[in-house]
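Before any comments, here is the structure.
The values are calculated or read from the model by the stated rules, or taken from the named source; none is laboratory data. Keep in mind it's a predicted model, so treat the numbers as computed, not measured. Reconstructed Cβ throughout: ideal geometry from the backbone, glycine too, with neighbour counts over all protein chains shown.
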Amino acid sequence: MMDARDQLIEELRATIQSLTDTNATLAATISELQETIKELRRQLDQNSQNSSKPPSSDGYHKPSPKSQRTKTGRKPGGQKGHPGSNMSIPHAPDEVIKHLPEKCKTCPHLTQCLQDDKIFTCAEKRYTVDAVVTTKVTEHQSLKAGNCPCGENPENGLFPEDVKAHVQYGNSISVLVGLLSTYGAMSAMRIHVIIGSLLGVKLSTGTVTSMVSKCAKKVGKVLKKIKNLIEAGHVGHFDETGARTGGELHWVHNSSTDKYTYQTINKKRGKVGIDDNGVLLLFAGVAMHDCWSPYWKYEEIVHAVCNAHLLRELTGIEEFEPEHTWATLFKTLLRSMKKAKEKAEAKGKAELSYYLLHKFSQEYDRIMEIANKERPIPPDPPNKKRGRKKKGKERALIERLMLLKDAVCLFIHDFKVPFDNNQALCELLGYANLPYTSPVHGTFSTKSSHKSFRVISDRKVWPVHLRALPT
């Protein structure tokens, strides 16, 4: 009788254990599904304001702009002490128009008063600046010496080397066409319409393409020097963006400093495209980028992370995980470090004090401890599934911040390193949809005063400054 009872107890224990294991498996599955649902919702709600996605990916439903700056309580506009700027007169007046008093216009003594320079004096001056859009036609004549008193054979005068056709366009129109095609990002057809409407010059689309190619050849000689100057720079900015050309996706790879920009286009976004750009292969300074994994394959250089990208990712954590406090604390830390650096620079200092550096370092570690508690490493599933455990966006960001502390904080240790990589982002604006129909192979640029534009030629795009073009 006892044996049957013991056997029943053992069976019940086995059933209970089986149900317990099943419940644990179901609980783990439910938890995993909940995380999957949360991750899918996160992906649906991600945009350029709360993640590293570019603004071009937002589509027609643009999110409301979210400034990463904290409110200061000051009114918008220029602040007290701001130098301001006014419209200036570009050059001396081309024409002076004098306006008489209304009474003097009907006065019988007007002619006599106008002859006397002492009667009318200037009470006030005002200026209007207008654009005079016109064309200038220059006739070149080749002269022939008929009856030479020296007895020489008759010869014709030689035309300038660049004057080859009976009627041709000058360099100024070529410059204007290059400017509209590149910096203005206009198609050949639109340039044909605009030039024809403004100047009455009928340029064919083939002529437009030829002029742009001419501009490209004029600036191509400086590329190697620009690349060498960037390679020798202390801080380099690196980024990439998609560009659809000829219906295909290409990637514009940007390498720049505060003075120079060098860009190439490649069908590959990763290390193949970066190597094709070539700057990072010989770069010896600090590489500022958005933390994309292929950049970390260049182990011989010092890396700096764009903190503007981090702020957007942290904003996403605040929105999707409102109960977690570490993201807000880390955003406050980044802003505090930036503000401390700006104050030190305003006082003419080249580095932060040891006290501030130590304080920021301790606060960084403290926030990472909070992050580990709020989003710990996910446990292994009961059935020991093969492969990597799903960390999720938040845990992946935490581990990245813990691993890359030096790269995140480099801007407060080296004042030549900026807080963000906005310079590279600005250089790549406008490349999302190039208005050209032919496939693009390479892009190169010089830059001055943060202004550059593109010139297309022979499957290449050349962003150049206007001063580099023929005059």
Quiz item: Considering His309, His324, which residue is out of contact with any Phe, Trp or Tyr (no Cβ under 9 Å at 6 or more places or on another chain), modelled with pLDDT under 95 and closer than 25 Å to Lys416 by Cβ?
Solution: His309
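May I ask you to say which residue of Val279, Val219, Val212 is of a type in the set (A, V, I, L, M), closer than 24 Å to Ala308 by Cα, out of contact with any His (no Cβ under 6 Å at 6 or more places or on another chain) and buried (at least 20 other Cβ atoms within 10 Å of the Cβ)? Working first, answer last.
Values: Val219 fails: closer than 24 Å to Ala308 by Cα; Val212 fails: closer than 24 Å to Ala308 by Cα.
Being of a type in the set (A, V, I, L, M), closer than 24 Å to Ala308 by Cα, out of contact with any His (no Cβ under 6 Å at 6 or more places or on another chain) and buried (at least 20 other Cβ atoms within 10 Å of the Cβ) holds for just one of Val279, Val219, Val212, which is Val279.
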Practice problem: Would you please list the contacts, defined by Cβ atoms under 7 Å and residues six or more apart or on different chains, that run from a residue in the range 382-405 that is within 21 Å of Ile37 (Cα to Cα) to a residue that is at pLDDT below 80 and basic (Lys, Arg)? | Solution: Lys393/Arg42
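If we scan the range 184-199, do we find a residue that is touching a Lys or Arg at 6+ places or on another chain (Cβ under 7 Å) and touching a residue at least 24 places away in the same chain (Cβ under 8 Å)?
No - not one qualifying residue is present in the range 184-199.
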Quiz item: Does Ala165 satisfy the criteria of being more than 30 Å from Met211 (Cβ to Cβ), outside the structural domain of Val212 (by TED's automatic domain parsing) and hydrophobic (A, V, I, L, M, F, W, C)?
Solution: no
Practice problem: Note down all Cβ pairs under 9 Å where the first residue falls in the range 109-134 and is touching a residue at least 12 places away in the same chain (Cβ under 8 Å) and surrounded by 10 or more Cβ atoms within 10 Å (Cβ to Cβ), the second is part of a loop (DSSP other than H, G, I, E, B) and not aliphatic (A, V, I, L, M), and they're at least six residues apart or on different chains. | Solution: Phe120/Lys98; Phe120/Pro101; Val129/Pro90
Exercise. Run Phe159 past the list (1) among the aromatic types (Phe, Trp, Tyr); (2) touching a His at 6+ places or on another chain (Cβ under 7 Å); (3) loosely packed, with under 10 Cβ neighbours inside 10 Å and report the number of the one that doesn't hold.
Key: (3)
Quiz item: Out of curiosity, is Lys359 assigned to a helix (DSSP H, G or I), under 13 Å from Asn307 (Cβ atoms) and without any contact (Cβ under 8 Å) to a residue 12 or more places away in the chain?
Solution: no
Self-check item: Checklist (1) crowded, with 17+ Cβ neighbours inside 10 Å; (2) hydrophobic (A, V, I, L, M, F, W, C); (3) within 27 Å of the chain's Cα centre (by Cα) applied to Ala346, failing item
Solution: (1)
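Mind checking which residues of the range 130-149 are farther than 24 Å from Glu95 by Cα and polar (S, T, N, Q)? Lay out the reasoning, then the answer.
From the range 130-149, those farther than 24 Å from Glu95 by Cα are 138-149; that's our starting set.
Listed by number, the residues that qualify are Thr138, Gln141, Ser142, Asn147.
With the structure loaded, tell me whether Arg375 is farther than 21 Å from Val417 by Cβ, surrounded by 12 or more Cβ atoms within 10 Å (Cβ to Cβ) and in contact (Cβ under 8 Å) with a residue 12 or more places away in the chain or whether it fails that test. Give the steps one after another, and end with the answer.
Details: farther than 21 Å from Val417 by Cβ: yes; surrounded by 12 or more Cβ atoms within 10 Å (Cβ to Cβ): yes; in contact (Cβ under 8 Å) with a residue 12 or more places away in the chain: yes.
Yes, satisfied.
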Quiz item: Failed condition for Tyr355, given (1) modelled with pLDDT under 90; (2) over 27 Å from Trp292 (Cα atoms); (3) not small (Gly, Ala, Ser), with all others met?
Solution: (1)
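Run down Glu155, Glu124, Glu102, Glu95 and say which single residue is within 30 Å of Gly200 (Cβ to Cβ), charged (D, E, K, R) and outside the structural domain of Gly200 (by TED's automatic domain parsing). So that I can check it myself, show each step before the final result.
Numbers: Glu155 fails: within 30 Å of Gly200 (Cβ to Cβ); Glu124 fails: within 30 Å of Gly200 (Cβ to Cβ); Glu102 fails: within 30 Å of Gly200 (Cβ to Cβ).
When all the criteria are applied, what remains is Glu95.
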